[in-house]
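The values are calculated or read from the model by the stated rules, or taken from the named source; none is laboratory data. All of these numbers come straight from a predicted model, not from anything done at the bench. Note that each Cβ is placed from the backbone with ideal geometry, even for glycine, and that neighbours are counted across all protein chains shown. When the accessible area is computed, the model is the full protein with side chains, heavy atoms only, and any ligands, DNA or RNA have been set aside. Shrake-Rupley method; radii C 1.70, N 1.55, O 1.52, S 1.80 Å.
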Amino acid sequence: MRRAAARLRRLDPQRFLLWVPLVAALIAVVILAALGQLWSPYLTVIVGLIAFDLLALFGSPRRRAALLAAAPQAYALCLLSAWTIALYVLPEDPVTPMALLAVVLHTTTVYVFFFVQRRPRAAGLWSAATLAAFLLSALPHSVRTLGGNGAFDGATFPLTLLLTHGVLILVLASFSRARAQLASERAEARAMRELAHRDSLTGLHNRRKLEQDLTAAAARARPGTLLAVIDVDGLKGVNDTLGHAAGDDLLRRFAAGFAREVQGTARAYRLSGDEFALLFRRATPETAQEVVAAVTQEVRRSYAQAGASVGAAPWQRGETPSAWLSRADRAMYRHKKRTQEDAASGEQA
């Protein structure tokens, strides 16, 4: 059931709409053959529609794209051709009533195609123009058959067509506008959620997103998942000597370096002012140290006083996300303390 639902969600509505007239045309061929009417001019229209659909469905990718874009207009022309044949070329043919009914029914597919392809306003205009073309082409027939008692005679038919198809177009326009508004609201909601999980300065994910990802990582229970917390050193010195704009640039360089170095293997986050994190799907503490060392070396080409302390904590079974983050944070401070002690020892020496 879930697989069927997933396939349904992946179904392209435009390609689905291509199959509707194709199946209808094939059925029409079978009916004409059963009636012994394969010589009928209607067959020319049907064969043209089948050829168009086959190319649109199975042609080269470039051709498919072009034909798909032109599909509703092509269908409208095919239906209008059959309509004209039925009203003015073969009005007494035994197939004509069936042809007229088929045109009236399948024109609705053209309207739906317009609203699937285009924005509500443009789709409404194209649909209205299509309906107007059918009404105008039927006017001479309606005038000629005034007083007739046929289902398609007199003024009743175009008025009925105008009412039923006009209401359908209005309903489709209403649904299309609602769908467009819903899509816009969903896109806005996604954008807001993305902004809520992004750091405005660096563009990296923020602490809120890290907490969510830690929860998800702990739930998956994959050994080898590694969290690294990084504290950038030298930011205060850069701010004091070069200004806060330079300090922001320093942070952006670290952020860009982390994102580049772990692309495809981990996700980078900015937790606070000068603190970052890396969440590896599978890595060792040495991997995190190598990443931080490579990025720090690169940043030092622009800011010689830049440095970074890193602490890595592999995921442990049964550990909560907050405990995991605290353990990585403590490892980072231990590394920072050792670095400071080594620097102090070097100065004394």
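Can you find a residue that is closer than 28 Å to residue 182 by Cα and within 25 Å of the chain's Cα centre (by Cα) anywhere in region 71-83? Checked region 71-83: at least one residue is closer than 28 Å to residue 182 by Cα and within 25 Å of the chain's Cα centre (by Cα). Within region 84-123, which residues are buried (at least 21 other Cβ atoms within 10 Å of the Cβ) and within 13 Å of residue 176 (Cα to Cα)? Passing the criteria: 111, 113, 114, 115, 123. For region 299-310, the count of residues that are under 29 Å from the mean Cα position of the chain (by Cα) and crowded, with 21+ Cβ neighbours inside 10 Å is zero. Of the residues making up region 140-173, those that are outside any loop (DSSP other than H, G, I, E, B) and either touching an Asp or Glu at 6+ places or on another chain (Cβ under 9 Å) or of a type outside the set (S, T, N, Q) (or both) number 20. The criterion of at least 2 residues that are within 30 Å of residue 219 (Cα to Cα) and among the hydrophobic types (A, V, I, L, M, F, W, C) is met, among helices (runs of 4 or more DSSP H) falling completely within region 231-349, by 244-261, 285-299, 321-348.
Exactly one residue out of 253, 220, 208 is closer than 30 Å to residue 315 by Cβ and surrounded by 15 or more Cβ atoms within 10 Å (Cβ to Cβ), and it is 253. Just one residue in the set 179, 193 is out of contact with any Phe, Trp or Tyr (no Cβ under 9 Å at 6 or more places or on another chain), in a helix (DSSP H, G or I) and not hydroxyl-bearing (Ser, Thr, Tyr); that residue is 193. Under the condition of being outside any loop (DSSP other than H, G, I, E, B) and loosely packed, with under 13 Cβ neighbours inside 10 Å, the residues counted in region 32-43 number 2. For the criterion of being modelled with pLDDT under 90 and closer than 21 Å to residue 211 by Cβ, residue 315 passes.
Does residue 142 satisfy the condition of being more than 24 Å from residue 46 (Cα to Cα) and of a type in the set (Gly, Ala, Ser)? In short, yes. Quick check: is even one residue across region 230-237 over 22 Å from residue 338 (Cβ atoms) and either at pLDDT 90 or above or surrounded by fewer than 21 Cβ atoms within 10 Å (Cβ to Cβ) (or both)? Within region 230-237, none of the residues are over 22 Å from residue 338 (Cβ atoms) and either at pLDDT 90 or above or surrounded by fewer than 21 Cβ atoms within 10 Å (Cβ to Cβ) (or both). All told, residue 215 falls short of being open to solvent by 20 Å² or more (accessible area, probe 1.4 Å), among the β-branched types (Val, Ile, Thr), modelled with pLDDT of 90 or more and in a helix (DSSP H, G or I). Taken together, the residues in region 138-185 that are touching a helix residue (DSSP H, G or I) at 6+ places or on another chain (Cβ under 8 Å), open to solvent by 90 Å² or more (accessible area, probe 1.4 Å) and of a type in the set (Asp, Glu) amount to 0. The one condition from (1) open to solvent by less than 40 Å² (accessible area, probe 1.4 Å); (2) at pLDDT below 90; (3) in contact with a Ser or Thr (Cβ under 6 Å, 6 or more places away or on another chain) that residue 20 does not meet is (1).
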